[in-house]
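Asker: Provided herewith is a single structure, encoded as structure tokens, for subsequent inquiry.
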């Protein structure tokens, strides 16, 4: 049970840290991040990675498309599949946020870096 309580605490602290460093909201940054990491990933897979409802994703992507931060296009392989790609403007916004977060976190120790990697590996296995 202690692990679950710690995970909830970590998630809450990270959300608060991210909220304080970006005006556009956490979902916006997460969407830009996953579009960056998984370039040309089908919409359904991004929704799955984000763990949100399709309606929420549609609202977010509509706003991001209108602002020129992402593009949604049809796959050349499967015309039923829509792909989401980060634009230069979206990349710039994401990079600015990541730089702010790096400054907020400061330098970390090797132990902290290893712990974060270990936690990511663990969570990726069970999610």
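No value in this document is a laboratory result; all are computed from the given coordinates. Predicted model only: the values in this text are computed from it and were never measured. Note that we place each Cβ from the backbone using ideal geometry, even for glycine, and neighbour counts take in every protein chain shown.
Asker: Can you compute the FRET efficiency between residue 117 and residue 10 using 1/(1 + (r/R0)^6), with r the Cβ-Cβ distance and R0 = 22 Å? Round to the nearest 0.05.
Answerer: On the way: r = 14 Å, r/R0 = 0.65.
Once the sixth-power term is evaluated, E becomes 0.95.
Asker: Rank by packing, highest mean first: peptides 57-64, 114-121, 96-103, 69-76, with packing defined as the count of other Cβ atoms within 10 Å averaged across residues.
Answerer: Details: 57-64: 16.8, 114-121: 10.8, 96-103: 13.2, 69-76: 14.9.
Ranking the peptides 57-64, 114-121, 96-103, 69-76 by packing returns 57-64, 69-76, 96-103, 114-121.
Asker: Then there is this: Translational diffusion coefficient, Stokes-Einstein: compute it for the chain using the Kirkwood radius over C-alpha pairs as Rh, at 25 °C and 0.890 mPa s, and state it as an integer in µm² s⁻¹. Let's see the in-between values first.
Answerer: Working: Rh = 16.2 Å.
My calculation gives 152 µm²/s for D.
Asker: Given a Förster radius of 30 Å and the C-beta distance between residue 88 and residue 48 as r, what FRET efficiency does 1/(1 + (r/R0)^6) yield to the nearest 0.05? Show your work: numbers first, answer last.
Answerer: Details: r = 26 Å, r/R0 = 0.88.
Using R0 = 30 Å, I get an efficiency of 0.70.
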